[in-house]
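Trainee: Before I ask anything, here is the structure I am working with.
The values are calculated or read from the model by the stated rules, or taken from the named source; none is laboratory data. Nothing here was measured: the structure is a model prediction, and the numbers come from that model. Quick reminder, even Gly has a Cβ in these numbers, built from the backbone with ideal geometry, and neighbours come from all protein chains shown.
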Amino acid sequence: MSKIKFAIIGLGHIGKRHADIILSNTDAELIAFIEINPSNEIKEYNLPIFDSLSDFIASNMEVDVMCIATPNYLHCQQAIKCLENNMHVVIEKPLGLTTEECNSVIEKSKQVNKNVFCVMQNRYSPPSIWLKEIVSSNILGQIFNVQINCIWNRDENYYKLNGWKGKLNLDGGTLFTQFSHFVDTLYWIFGDIHNIAANFYNFNHKNTIEFEDSGNISFSLLNGGVGSINYSTSAYNKNIESSITILAEFGSIKIGGQYMEKVLHCEIKDYEMPAMNPTNPPNDYGKYKGSAANHEYVIKNVINTINKKEEIKTTAIEGMKVVQMIEQIYLLRNINNL
């Protein structure tokens, strides 16, 4: 089979991550970049660089997949334009900032018969895969309580270096930009939520962002049990943890570390925990670290899906569901004084 041809729009940290993964895959070919202000590092790839998506489309370059790694508010409009021009799309989190615009992407993908792949890389981490398996197989029995804690550091320089981050209409909020992968983990393993209550605070980013830097959310799981999400980007100097704790009928589990990369506690009735493959290191942005660097699995699934070797693993409908959950939480945001 011929190689799958990729282009990338948006060449920040994540866009460059996509580039390196595509270049390392023997079944893929990277043909072009779209970036308004390309760095010297990007120029060293020695590939065509376009100023805009319209210019790239006008070039009539043959392409199969567009990877969208631009600011949050651009994801859906760029995805629709790519779909209209006969491309599959890979979209970094979040799929969009509203359920309505995400649904527009899904409807367009159906009209043109092209796939939309959402980047949900935490699903590929061994602890997440293991937790999904034991919950799905009912080894834990009834789920009582699910607690997610995400305590990270993002300082003023982080927001000043990125003009769109911290702006409500461009960024969307901390749950969209920093922690949507962990909302996805909640949805993927435990399902939907309801009976949501929340409080939001801005402790030390009052001069840099237009929304909360911290929040406490409680909810009920539709499948039974209750849960909470406690999150903040106000940790002093560096990230502390991203963790999930499960209390259930037949056992208790805690997965922790900076990005849910290791099992810290496992006590389950009549169960011996299996050996687990090591988790990939986090995406490293210099001072900042993000979730596990599992983009290789995302790109591999894109290629195999297009070549009809496997099915898409992270669909646009799932991406929209995560956006919908965050939207439901943020409906309560204006009630509280930040």
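Trainee: State yes or no: is Leu131 in contact (Cβ under 8 Å) with a residue 24 or more places away in the chain, surrounded by 16 or more Cβ atoms within 10 Å (Cβ to Cβ) and outside any strand (DSSP E or B)? Quick ask: steps written out before the conclusion?
Mentor: Working: in contact (Cβ under 8 Å) with a residue 24 or more places away in the chain: yes; surrounded by 16 or more Cβ atoms within 10 Å (Cβ to Cβ): yes; outside any strand (DSSP E or B): yes.
In short, yes.
Trainee: Same structure, new question: Of all residues in the stretch 137-164 being surrounded by 15 or more Cβ atoms within 10 Å (Cβ to Cβ) and not hydrophobic (A, V, I, L, M, F, W, C), which is farthest from Asn207 (Cα to Cα)?
Mentor: First pass over the stretch 137-164, keeping only residues surrounded by 15 or more Cβ atoms within 10 Å (Cβ to Cβ): 139-140, 143-144, 146-155, 158-159, 162, 164.
The next check asks that each one be not hydrophobic (A, V, I, L, M, F, W, C); those that pass are 147, 149, 153-155, 158-159, 162.
Values: Gln147: 30, Asn149: 25, Asn153: 16, Arg154: 13, Asp155: 11, Tyr158: 13, Tyr159: 10, Asn162: 15 Å.
Only one residue fits best here, namely Gln147.
Trainee: A further question follows. Return the pairs, sorted by first residue and then second, in which the second residue is among the small types (Gly, Ala, Ser) and in a loop (DSSP other than H, G, I, E, B), the first residue lies in the stretch 183-208 and is within 16 Å of Ile326 (Cβ to Cβ), the beta carbons are less than 8 Å apart, and the residues are 6+ apart or on different chains.
Mentor: Final answer for the pair search is Phe190/Gly225.
Trainee: Report yes if Glu212 is in the same structural domain as Leu186 (by TED's automatic domain parsing), surrounded by fewer than 15 Cβ atoms within 10 Å (Cβ to Cβ) and modelled with pLDDT of 95 or more, otherwise no. Lay out the reasoning, then the answer.
Mentor: Details: in the same structural domain as Leu186 (by TED's automatic domain parsing): yes; surrounded by fewer than 15 Cβ atoms within 10 Å (Cβ to Cβ): no; modelled with pLDDT of 95 or more: yes.
No: the conditions fail for Glu212.
Residue-wise test of (1) more than 30 Å from Gln258 (Cβ to Cβ); (2) over 17 Å from the mean Cα position of the chain (by Cα).
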residue	(1), (2)
His88	yes, yes
Leu97	no, no
Glu100	yes, yes
Asn103	yes, yes
Val116	no, no
Val119	no, no
Glu133	no, yes
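Trainee: Do any residues in the stretch 1-30 that are without any contact (Cβ under 8 Å) to a residue 24 or more places away in the chain have Cβ atoms under 7 Å from those of residues that are crowded, with 16+ Cβ neighbours inside 10 Å, where the two are at least six apart or on different chains, and which pairs are they?
Mentor: Here the result reads Leu23/Leu30, each pair linking the stretch 1-30 to a residue that is crowded, with 16+ Cβ neighbours inside 10 Å.
Trainee: Next up: Just checking, which of Gly163, Gly141 is over 30 Å from Ala275 (Cα atoms), in a loop (DSSP other than H, G, I, E, B) and in the same structural domain as Thr233 (by TED's automatic domain parsing)? Let's see the steps before the verdict.
Mentor: Values: Gly141 fails: over 30 Å from Ala275 (Cα atoms).
Within the list Gly163, Gly141, the selection yields Gly163.
Trainee: When you go through Glu101, Glu133 one by one, which is the residue that is among the charged types (D, E, K, R) and over 28 Å from Val63 (Cα atoms)? Full working, then the answer.
Mentor: Numbers: Glu101 fails: over 28 Å from Val63 (Cα atoms).
Unique residue meeting the criteria: Glu133.
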